[in-house]
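All remarks here apply to the structure that follows.
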Amino acid sequence: MLFHTPTFAVFFAAVVLCFAATGTARGRKAVLLLASCVFYMWWSPAFILLLLGPMLVDYNVARWLETATDDRVRRRLLGASIAVNLGLLAFFKYAVFLLQNAALALRAIGVDVDVPNPTVALPIGISFFTFERLSYTIDVYRRVTPATRSPLDFALFISFFPRLIAGPIVRAADFLPQLHRKLPLRFDAGIFFLVLRGLTKKVVFADNLAPFVEQVFAQPERWPSAVIWLGAIAFAVQIYCDFSGYSDVAIGLGRVFGLELPKNFAHPYFAANPSEFWRRWHISLSTWLRDYLYIPLGGNRDGRAATYRNLMITMILGGLWHGASWNFALWGFLHGLALSVHRALADLGWLARAPSPSRLVRAASVAAMQYWVLLCWIPFRISDTGHMWTALRKFVLFDADLTFSAAGIGNLSVVFTAALLAAFAVLHGVSAWRGNLDEELARAHPALAGAACIAAGFAFFALWPLTEAPFIYFQF
Amino acid sequence: VRADTPWKSLLGLGLALLAGFAVGVGAMPALFGAAANDFRRIDLLFRALRETSPPPDLLVFGNSVTMNGIDARAFEGAVPDVRTALNFASTGQSIAEAFLLYQEIPAATKRVVYAIPADALESNVAFNPHAYNAFVMYGYEAEPATLAALRESYAAVHVADLDRSWLEQRIEARWVFRTVLDKSMRGWVRPDLNLDRAFRDLRYPAAYTHRLPEARLRDELAQRVAIRPPGALRVSDPSRRLLAELVRSAQRDDRRIALALAPIHPAFREAWGAEFVDSVRAFAATFEADTRVQVIDATTILEDAQFVDSVHPGAEGAARWTRKIAAALADRG
């Protein structure tokens with residue numbers, strides 16, 4: 001049940017009607033919880049147990065954590081919660097990967113073992129809701145947030161359907177207090193245009209760039225460097241539009257029920273250095289990794305070497321969070337390397353300390369940072385090692401073959417892709433410069449807002465994907 | 001529009017969104033007609049069928065191999081009773097597409113040549129993606145008998161396009177927006193091609209006029225040869241059924257039909273083995289004996305130098321293939 005399908009439209013309309021028809025605060029939350037269960041079961045009915053079962057553990061552990069005073073008991077309770085959550089994540093997401101790599105390692109040292117190769121279905125959204133449950137019990141353990149006494153509130157916190165499958169990753173301290181009132185039903189132009197923005201990103205940009213990206217990276221040896229570059233840029237825009245489009249719709253749908261979800265993106269392709277990039281990209285994950293991994297590892301408290309080590313560990317594990325594959329680890333490693341180098345340069349005092357560097361310096365920094373970001377997207381996108389190295393080689397060592405005839409005469413939509421990227425650059429640039437267009441349109445004259453809607457309606461007609469494409473982050 | 005927008009304003013925005021969609025649906029036929037795409041030749045063929053007077057005596061159907069490989073002018077005068085001959089091949093034209101066009105042939109046209117490479121008969125697929133949609137968008141309306149024959153010949157999944165309503169066809173036609181920019185720019189990207197000929201030439205619409213550089217040709221051959229495994233020709237059941245239907249239709253209309261098997265690059269013949277060539281000959285003989293339809297097998301007549309790329313004959317190759325067909329048709333009278 002994807003956000004941009006008629007099925008979801010019918011489902012959402014039904015939820016709104018039930019929500020509106022329910023008069024009590026508790027009843028409205030119950031409607032949302034029931035809707036969330038139906039939404040999840042639409043994907044995989046059996047895994048509803050995986051969503052709801054560990055909730056009982058975490059709900060009770062949090063209650064005990066709040067009342068317990070013995071540190072040893074509290075540590076054991078927290079350990080139990082972490083073990084249950086990470087255990088399930090490890091089993092469903094990493095078991096096969098670990099087994100296969102263990103077998104490879106054993107074979108490398110001459111031990112021939114027969115390792116089973118089971119097929120384990122990945123429960124959709126597991127990486128997201130596992131992190132939310134973990135953050136809850138850790139926050140209660142740290143006494144940052146109180147344990148909720150309402151199982152209904154806790155269940156809704158974990159399962160609220162607009163962000164259940166692909167975030168943003170919500171913190172209990174931000175979400176649970178919003179449930180302490182009767183949830184209002186809201187529709188306004190701001191929500192309308194925010195959802196429209198998200199759908200436009202997904203349907204007009206991400207899904208139309210996807211076929212080009214697939215063709216380029218399925219056989220990178222076929223294409224000259226110029227096409228590999230275009231493929232990398234197209235993937236950068238595709239994944240941004242796909243994921244931030246999902247986040248926009250999720251935030252918009254949350255607001256309909258009076259629930260505010262955290263912002264997940266802030267024009268990441270205008271970042272001028274690695275740490276700024278991670279303050280702009282998948283913000284809810286990067287702050288989670290900072291608060292629950294980097295800082296517990298020691299953060300920057302134990303000297304420079306330990307800081308760089310902690311950055312590398314955090315980013316490599318952050319890479320593996322996306323999937324059980326070494327290409328994600330490499331992606332995390334490369335970003336960790338950039339963060340460490342940037343940190344080292346800052347420690348050495350080699351970076352400009354001026355609070356507002358000149359536009360030229362800023363533009364050069366953005367260009368350098370985005371070169372690295374594009375390079376990193378290649379291992380993220382290509383899991384086949386041979387293809388990955390070929391694409392990376394062609395990306396770094398530009399072959400100067402600008403004859404696009406090598407890319408075929410229409411089978412590879414080079415011009416269409418370039419036009420989409422140009423349109424994205426204009427819209428993205430304007431929204432970074434003037435503020436988000438959806439907010440402008442929500443305040444604009446009705447005639448202008450209506451004209452924008454007609455244009456969006458035509459764009460949807462012309463560019464709606466011919467085949468249904470799920471959101472990329474659903475696989476994580 | 002304010003943050004506390006009343007419901008009627010939101011309704012207005014929603015209706016504006018739907019209006020944009022409706023504008024697209026309404027304007028689609030005009031937009032499609034103006035958009036560059038590989039099927040624009042279909043529009044030319046329809047206009048030619050309606051406007052050519054007197055009607056052509058001979059029509060040649062087939063795909064881009066036929067477009068590049070047959071100069072229909074050579075049939076005029078060389079084949080008995082043929083004063084006007086037109087090349088009605090189009091890019092990627094399948095047997096099913098040729099069959100769609102068949103119902104449009106004027107009654108006065110008494111000769112049809114269907115010319116394709118033998119391996120194209122192995123396909124189970126009725127249409128190239130979007131082909132039937134393009135036919136409809138250019139004004140085609142299939143007759144019930146045509147629809148019935150296609151439904152009987154192909155699996156339902158391959159002829160699902162036939163069942164779409166006019167609204168669905170208009171919405172489906174949006175694929176053209178994805179291709180229009182690249183198709184418009186092809187002339188600039190590939191100056192070695194003469195692609196515009198496909199959209200104006202009804203005799204010899206050869207677009208591929210320059211031979212590929214040797215290295216590129218070898219790469220292309222290596223890639224394409226690998227697509228089909230070696231072995232004998234395996235004509236698919238849908239192809240057999242639709243060819244039989246084509247023959248029945250021709251007999252019913254008192255029309256003479258010939259099947260011309262196109263030249264295949266020696267690299268393919270070598271890769272697919274002698275078994276392939278032998279099986280093509282066997283198919284030609286059996287088909288001719290069973291249906292009384294003339295089969296002109298040119299699978300092995302061209303050498304490497306007579307191709308411009310891995311599949312399309314060059315000018316010399318086209319002249320040779322055309323002469324062979326003309327001679328064979330003349331022989332039969």
(Q) Interface size between chain B and chain A, please: total buried accessible area, 1.4 Å probe, rounded to the nearest 100 Å². (A) 3000
Q: Evaluate the relative contact order of chain A (contact order divided by residue number), counting alpha-carbon pairs under 8 angstrom at least 6 apart; express in whole percent.
A: 18
Q) Which percent of Cα pairs goes in each bin when the distances of region B:184-253 are cut into 10 angstrom slices starting at zero? A) 15, 22, 29, 29, 6
Q. Which whole-Hz couplings ³J(HN,Hα) result when phi for each residue of region B:135-140 is put into the Karplus expression 6.51 cos²θ - 1.76 cosθ + 1.60, θ = phi - 60°, listed in order with x for Gly and Pro?
A. 3, 5, 5, 8, x, 6
Q. Relative to the isolated chain, which residues of region A:177-192 have their accessible area cut by 10 Å² or more in the presence of all protein chains (1.4 Å probe, heavy atoms, no ligands or nucleic acids)?
A. A:Phe187, A:Asp188, A:Ala189, A:Phe192
Q. Hey, if we sort B:Arg164, A:Arg280 by accessible area with the 1.4 Å probe, largest down, what's the order?
A. B:Arg164, A:Arg280
Q.
Only protein chains counted, 1.4 angstrom probe. Which residues of region A:415-457 are at least 30 Å² less accessible in the assembly than when their chain is isolated?
A. A:Val415, A:Phe416, A:Cys453, A:Ile454, A:Gly457
(Q) Just the number please: accessible area per residue for region B:143-205, 1.4 Å probe, all protein chains included, in Å². (A) 52
Q.
List the residues, sorted by chain then number, that are 5 or more residues from B:Ala260 or on another chain and whose placed amide H is less than 5 Å from its amide H.
A. B:Tyr114, B:Ala115, B:Ile116, B:Ile296
Q.
Helix-only mean residue ellipticity at 222 nm, the protein assembly as shown, DSSP H runs n ≥ 4 weighted -39,500 (n - 2.57), per residue, nearest 500. What is it?
A. -19000 deg cm²/dmol
Q | Filter on B:Lys110/B:Lys183; A:Lys201/A:Lys394; A:Lys29/A:Lys263; A:Lys394/B:Lys183 - keep pairs with C-alpha separation over 25 Å | A | B:Lys110/B:Lys183; A:Lys201/A:Lys394; A:Lys394/B:Lys183
Q: Compare each residue of region B:174-220 in its chain alone against the assembly with all protein chains, and report those whose accessible area goes down by 50 Å² or more; 1.4 Å probe, heavy atoms.
A: B:Arg174, B:Phe177, B:Arg178, B:Leu181, B:Asp182, B:Val189, B:Arg190
Q | Share of carbon and sulfur in the accessible heavy-atom surface of region A:167-310 [1.4 Å probe, %] | A | 57
Q. With θ set to phi - 60° and the Karplus curve 6.51 cos²θ - 1.76 cosθ + 1.60, what are the ³J(HN,Hα) couplings of region A:116-133 in order, to the nearest whole Hz, using x for Gly and Pro?
A. x, 10, x, 9, 10, 6, 8, x, 5, x, 4, 5, 6, 6, 5, 5, 5, 5
Q.
Please enumerate, by chain and number, the aspartates and glutamates with C-alpha under 13 Å from the C-alpha of A:Lys202, excluding those fewer than 8 residues away in the same chain.
A. A:Asp242, A:Asp248, A:Glu468
Q | Relative contact order of chain B, defined on C-alpha pairs under 8 angstrom at six or more residues apart (%) | A | 24
**Q.** Residue-normalised accessible area of region A:312-471, given per residue in Å² at a 1.4 Å probe
**A.** 50
Q. Which net charge results when you count Lys and Arg as +1 and Asp and Glu as -1 among the other residues whose beta-carbon is under 13 Å from that of A:Leu152?
A. +3
(Q) Can you tell me what share of the DSSP beta bridges in the protein assembly as shown is antiparallel? A percent to the nearest 5 is fine. (A) 10
Q: Can you sort B:Phe135, A:Phe333 by 1.4 Å-probe accessible area, starting with the largest?
A: A:Phe333, B:Phe135
Q. So, counting K/R as plus one and D/E as minus one, what does the shell of residues with Cβ under 15 Å around A:Ala206 add up to?
A. 0
Q: Could you rank the peptides A:422-430, B:18-26, A:281-289 by their average count of other C-beta atoms within 10 Å per residue, with the highest value first?
A: A:281-289, B:18-26, A:422-430
**Q.** Alpha-carbon centroid distance for the pair region B:260-303 / region A:89-138, whole angstrom
**A.** 54
Q. What list of ³J(HN,Hα) values in whole Hz, one per residue of region A:442-451 in order, does the Karplus curve 6.51 cos²θ - 1.76 cosθ + 1.60 (θ = phi - 60°) give from phi, with Gly and Pro shown as x?
A. 5, 9, 6, 4, x, 5, 5, 4, x, 4
Q: Would you mind telling me the share, in percent, of accessible area of region A:29-78 contributed by carbon and sulfur at probe 1.4 angstrom?
A: 68
Q: Quick one: which residues, 5 or more positions from B:Val308 or on another chain, have an amide H under 5 Å from its amide H? H modelled 1.01 Å from N in the peptide plane, none for Pro or chain starts.
A: B:Gly314
Q.
Using alpha carbons only, how many angstrom separate the centre of region A:202-220 from the centre of region B:24-48?
A. 26
Q.
Let me confirm one metric for peptide B:15-28, namely the mean number of other chain beta-carbon atoms within 10 Å of its residues' beta-carbons.
A. 6
Q) Once fully extended, how much extra length lies between A:Tyr371 and A:Thr7, figured as 0.36 nm per residue of separation less the alpha-carbon to alpha-carbon distance? A) 127.1 nm
Q: Mind listing the long-range amide H neighbours of B:Ile301? Cut-off is under 5 Å, sequence gap 5 or more, other chains count too, H placed in the peptide plane at 1.01 Å from N.
A: B:Ile264
Q: Towards the positive end of the charge dipole of region B:158-311, with charges on Cβ (+1 Lys, Arg; -1 Asp, Glu), say which of B:Ala206, B:Ile296, B:Ala282 has the farthest Cα.
A: B:Ala206
Q.
If you roll a 1.4 angstrom probe over the protein chains with everything in place, what fraction of the accessible area of chain B belongs to carbon and sulfur, to the nearest %?
A. 55
Q. Is any helix in chain B, taking whole DSSP H runs, at least 18 angstrom long along its axis by alpha carbon and on average at least -0.5 on the Kyte-Doolittle scale, and which ones?
A. B:7-34, B:175-189, B:274-291, B:315-332
Q) Excluding ligands, DNA and RNA, what is the solvent-accessible area per residue of region A:82-228 at a probe of 1.4 Å, expressed in Å²? A) 37
Q | Distribution of pairwise C-alpha distances over chain B, 20 Å bins, in % | A | 29, 56, 12, 4, 0
Q) What order do A:Asp438, A:Asp71, B:Asp119, B:Asp331 take when sorted by accessible area (1.4 Å probe), most exposed first? A) B:Asp331, A:Asp71, B:Asp119, A:Asp438
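The values are calculated or read from the model by the stated rules, or taken from the named source; none is laboratory data. Small disclaimer: the values here were computed from a predicted structure and weren't measured. Positions of Cβ are backbone-derived with ideal geometry, glycine not excepted, and every protein chain shown enters the neighbour counts. For the accessible areas, the whole protein counts, side chains as well, though only heavy atoms, and no ligand, DNA or RNA atoms are used. Shrake-Rupley method; radii C 1.70, N 1.55, O 1.52, S 1.80 Å.
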